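Notes follow once the structure below has been shown.
The values are calculated or read from the model by the stated rules, or taken from the named source; none is laboratory data. Quick caveat: nothing in here was measured; it's all calculated off a predicted structure. As a convention, Cβ positions derive from the backbone with ideal geometry for all residues, glycine included, and neighbour counts pool all protein chains shown.
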Amino acid sequence: MNKNPTIVQPIEANVAPMQTISGGHIILLAVLVVAALFPWFSDSPSHQNVAILVMMAAQMGVAWNIVGGYAGQVSLGHVAFYGLGAYTSTLLFTQFGVNPWIAMLLGGVFAAAISLVIGWSCFRLKGHYFTMATIAVAEIVQIVFTNWEFAGAAVGITIPMDQEGWGAFVFASKVPYYYIALGLLLLTLLANFIIEKSYLGYYFRAIKDEPDAARSLGVSLSKYKQIAFAVSSFFTALGGSFYAQKELYIDPASVLGTAVSIKMALVSILGGIGTLFGPVIGAGVLTIIDEGTRVMFGGSGRGTDLIIYATLIVVIAVYYPTGVMGWIKNLSARRALKSQNAKGV
């Protein structure tokens with residue numbers, strides 16, 4: 001007889017607990033379903049165009065969030081990569097006949113390569129000096145393209161409409177542009193999610209919050225800042241390429257203007273800097289304000305949206321520094337605490 005019988009563990013103890021579906025997952029799934037079916041609910045080109053503008057602004061903000069939110073390097077010259085993506089893809093298509101889809105990817109790669117060159121010098125600076133350096137770089141790039149005859153100079157470049165369809169990246173309807181914008185936004189969000197959950201995300205946050213401690217633990221600050229800058233620049237350039245294909249016309253003012261850089265940062269700050277879905281919420285709010293003031297006031301209300309932007313940023317900075325996402329999390333935490341207290345009583 002065995003004097004040391006083996007203790008049999010209950011079957012339940014060896015089975016990994018099933019992950020429950022939270023309310024957040026249900027909301028996310030519902031949003032994705034609504035986004036996928038939106039063109040079928042509304043066949044109005046103007047409504048579809050507003051939705052496209054929201055997703056374009058969100059994609060820019062999510063791309064900027066990689067370097068500005070996670071790594072904490074506030075770049076206000078990110079429009080340089082947006083413009084580089086737009087001009088590279090457009091020139092490759094119009095001058096050399098490269099397929100616009102391939103040209104879009106090449107524009108992203110080119111912008112990422114240029115970001116490594118720019119970052120090598122700019123990351124020697126810290127804080128507001130780095131921010132001012134990125135603004136200077138963006139201004140230089142704008143001046144170059146404004147005076148470069150091959151790139152259309154100040155007149156800009158028009159993408160021909162002699163071909164239409166998915167191969168030419170030119171459509172008569174807003175629906176294909178809608179789904180391409182949605183796909184590009186989801187791709188950028190996926191990249192952010194992967195970064196957030198990987199060691200890169202931990203390194204980026206360490207560089208942002210405690211750079212000296214990160215350096216003492218062997219984290220190369222310059223290396224990982226460069227990685228964040230390059231990845232962010234790649235996706236920003238993709239957004240610029242999509243803008244060029246959607247509008248079929250670009251010039252230095254439209255794709256290299258300082259206002260574009262500011263909007264990238266604003267959507268992240270308003271929605272919640274360093275969060276996954278914060279820029280999406282911020283883009284929705286700012287685009288609705290932008291389009292709403294344009295419809296309500298027209299040309300007479302020019303600049304009204306900027307006044308509202310500034311007011312929102314001041315309110316967020318004073319009362320909710322973590323943005324709309326931080327406010328939502330605080331609200332959820334208070335409700336959870338109230339529920340626990342009620343159960344305890």
Over the stretch 66-107, the set of residues within 29 Å of Met325 (Cα to Cα) and not hydrophobic (A, V, I, L, M, F, W, C) is Gly68, Gly69, Tyr70, Gly72, Gln73, Ser75, Gly77, His78, Tyr82
Which of the following residues is modelled with pLDDT under 80 and not aromatic (Phe, Trp, Tyr): Ile288, Ile308?
-> Ile308
In the set Ala151, Ala172, which member is more than 26 Å from the chain's Cα centre (by Cα) and under 16 Å from Ser241 (Cα atoms)?
-> Ala151
Hey, can you tell me all the residues within the stretch 252-280 that are surrounded by 22 or more Cβ atoms within 10 Å (Cβ to Cβ) and either free of Cβ contacts under 8 Å to residues at least 24 places away in the same chain or over 19 Å from Leu76 (Cβ atoms) (or both)?
-> Thr275, Val280
For Ile316, all conditions in the list (1) modelled with pLDDT of 80 or more; (2) crowded, with 19+ Cβ neighbours inside 10 Å; (3) assigned to a helix (DSSP H, G or I) hold save one; what is the number of the exception?
-> (1)
Within the stretch 188-218, can you find the residues that are aliphatic (A, V, I, L, M) and part of a helix (DSSP H, G or I)?
-> Leu189, Leu190, Ala191, Ile194, Ile195, Leu200, Ala206, Ile207, Ala213, Ala214
With respect to Ala153, determine if the residue is surrounded by fewer than 16 Cβ atoms within 10 Å (Cβ to Cβ) and without any contact (Cβ under 8 Å) to a residue 12 or more places away in the chain.
-> yes
Hey, any hits in the stretch 90-97 for a residue that's modelled with pLDDT of 95 or more, touching a strand residue (DSSP E or B) at 6+ places or on another chain (Cβ under 8 Å) and either surrounded by fewer than 24 Cβ atoms within 10 Å (Cβ to Cβ) or under 25 Å from Phe171 (Cβ atoms) (or both)?
-> yes
Odd one out for Leu266 among (1) closer than 22 Å to Val54 by Cα; (2) modelled with pLDDT of 95 or more | (2)
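Let's see how each residue does on (1) assigned to a helix (DSSP H, G or I); (2) modelled with pLDDT under 90; (3) in contact with an Asp or Glu (Cβ under 8 Å, 6 or more places away or on another chain); (4) surrounded by 10 or more Cβ atoms within 10 Å (Cβ to Cβ):
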{"site": "Asn2", "(1), (2), (3), (4)": "no, yes, no, no"}
{"site": "Met18", "(1), (2), (3), (4)": "no, yes, no, no"}
{"site": "Leu28", "(1), (2), (3), (4)": "yes, yes, no, yes"}
{"site": "Ala35", "(1), (2), (3), (4)": "yes, no, no, yes"}
{"site": "Phe38", "(1), (2), (3), (4)": "yes, no, no, yes"}
{"site": "Leu53", "(1), (2), (3), (4)": "yes, no, yes, yes"}
{"site": "Ile66", "(1), (2), (3), (4)": "yes, no, no, yes"}
{"site": "Gly69", "(1), (2), (3), (4)": "yes, no, no, yes"}
{"site": "Val74", "(1), (2), (3), (4)": "no, no, no, yes"}
For the stretch 225-232, does any single residue satisfy the condition of being of a type in the set (D, E, K, R) and either in a helix (DSSP H, G or I) or surrounded by fewer than 18 Cβ atoms within 10 Å (Cβ to Cβ) (or both)?
-> yes
Please indicate, with yes or no, whether at least one residue in the stretch 325-333 is surrounded by 18 or more Cβ atoms within 10 Å (Cβ to Cβ), in contact with a Leu (Cβ under 7 Å, 6 or more places away or on another chain), part of a helix (DSSP H, G or I) and at pLDDT 80 or above.
-> no
